[in-house]
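K.L.:
Before I ask anything, here is the structure I am working with.
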Amino acid sequence: MKRVNYTLLLSLFICLMISACKSGPDPVEIAGLKTYTDVPLKFSIQYPENWQATTTQGQRVIVFSSNDARPRFLDYASDGFPGAMIDLFVAKIDSTKTEEDVISKRFDASIYKQSAITIDGVQGKRFDYSFPLNDGEFKGVLIVASKDAITYTTLKIETFGGSWEKYAPDFDKIIASVSLAITQSNAPDTLTVTEELPPPSANLVQKSGTGFTISIPDNFYLGKVNAPNTLAAYNYIGDRRGDCNIQVDVIDASQSGDFKKSATELASKYPGSPSISDTKVGGIDAFVMNWTPGKNIKGRVFFAKKGDNLFRISMNWFVPEEADYLPIFEKCIASIKFE
């Protein structure tokens, strides 16, 4: 009986260890590849059709495996959502810019391993780099090549959470698919045209934070945030405008028994000390204020308290595009639930 119990306990322990190793989100699958071709400079590349792509004609195509993974490629955090980025960028060298300027290395030069690579029939340079992080290996590759030593095509692929091996076969296909940019004259029909980025999507997806959930547009992601003296802060933002966002700050209110007083004190820190009025958010009593963050920008801030947490929920939008932003943002606020 003792031997049976020991075997059972050992099996349970192994199962728990396996479960722990598999905890956390999985990297986004690749459903298939599609091709982006740039009209002005003739470069092209295949990329996963179900990933999030942003293009700038005559200059760049950047693709993220998901909006959840995108913020890590800004701060290279040790923990976070596993994911990948594919970034193809085109630049010209001149009297002020050399090939070394085009080969942008973000990390210490010692971690880069250089080798030669043939891409689109041209010999280029390849730099592989990696280092360990809390949630697995970070790995990247940087490839630079040019057909005429004037216009350089740079391809950067990076992954977090040890996901490189998962994507490696498709990455090989993507690298092999690249057609390099061609130097164009300054004729009017070859001018760079910037693609207009989309407004917030009407399709909302639920996100979780400390003590709350909120639904946000599926083309928004977590951006950089500056919110001192908070327990947690979440800045939901899209690519179109940096001044149009929804931010949720979680503030410790365990030592404050007067919710209205706390909300009034927070409101007084905004320019003009806006007044607050009664409202409801997430089905509980709350306060709201309006203010003006900048020229042609309107802002609305909600204060709600649940347990020991005070939630400051801000939304800002660009007045000339109010019809695109405000109705969506109001739906986001209406979706909030507190735990």
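The values are calculated or read from the model by the stated rules, or taken from the named source; none is laboratory data. All of these numbers come straight from a predicted model, not from anything done at the bench. Every residue, glycine among them, receives a Cβ derived from its backbone with ideal geometry; neighbour counts consider all protein chains shown. Side chains included, ligands, DNA and RNA excluded: accessible areas come from the protein's heavy atoms. Shrake-Rupley method; radii C 1.70, N 1.55, O 1.52, S 1.80 Å.
K.L.:
Among the residues of segment 214-229, which ones are more than 14 Å from the chain's Cα centre (by Cα) and open to solvent by 40 Å² or more (accessible area, probe 1.4 Å)?
P.N.:
Within segment 214-229, N226, P228, N229 qualify.
K.L.:
Of all the residues that make up segment 133-152, how many are among the hydrophobic types (A, V, I, L, M, F, W, C), open to solvent by less than 10 Å² (accessible area, probe 1.4 Å) and either in contact with a Leu (Cβ under 6 Å, 6 or more places away or on another chain) or closer than 12 Å to V90 by Cα (or both)?
P.N.:
Counting residues in segment 133-152 that are among the hydrophobic types (A, V, I, L, M, F, W, C), open to solvent by less than 10 Å² (accessible area, probe 1.4 Å) and either in contact with a Leu (Cβ under 6 Å, 6 or more places away or on another chain) or closer than 12 Å to V90 by Cα (or both) gives 3.
K.L.:
Only one of (1) open to solvent by 30 Å² or more (accessible area, probe 1.4 Å); (2) of a type outside the set (A, V, I, L, M); (3) more than 21 Å from P327 (Cα to Cα); (4) touching a helix residue (DSSP H, G or I) at 6+ places or on another chain (Cβ under 9 Å) is not met by P274, so which one is it?
P.N.:
Checking P274 against (1) open to solvent by 30 Å² or more (accessible area, probe 1.4 Å); (2) of a type outside the set (A, V, I, L, M); (3) more than 21 Å from P327 (Cα to Cα); (4) touching a helix residue (DSSP H, G or I) at 6+ places or on another chain (Cβ under 9 Å), the one that fails is (1).
K.L.:
Does A116 satisfy the condition of being small (G, A, S) and open to solvent by 50 Å² or more (accessible area, probe 1.4 Å)?
P.N.:
yes
K.L.:
Moving to a separate point now. With (1) crowded, with 20+ Cβ neighbours inside 10 Å; (2) in contact with a strand residue (DSSP E or B) (Cβ under 6 Å, 6 or more places away or on another chain) as the list, and W291 as the residue in question, which single condition is left unmet?
P.N.:
(1)
K.L.:
Can you name the condition, by its number, that N67 falls short on among (1) within 20 Å of A168 (Cβ to Cβ); (2) surrounded by 17 or more Cβ atoms within 10 Å (Cβ to Cβ); (3) not acidic (D, E)?
P.N.:
(1)
K.L.:
Take L155 and tell me if it is under 25 Å from the mean Cα position of the chain (by Cα), under 21 Å from S179 (Cβ atoms) and surrounded by 13 or more Cβ atoms within 10 Å (Cβ to Cβ).
P.N.:
Here the answer is yes, as L155 does meet what is asked.
K.L.:
Looking only at strands (runs of 3 or more DSSP E) that lie completely in segment 207-271, which have at least 3 residues being among the β-branched types (V, I, T) and touching a residue at least 24 places away in the same chain (Cβ under 8 Å)?
P.N.:
212-217, 245-252
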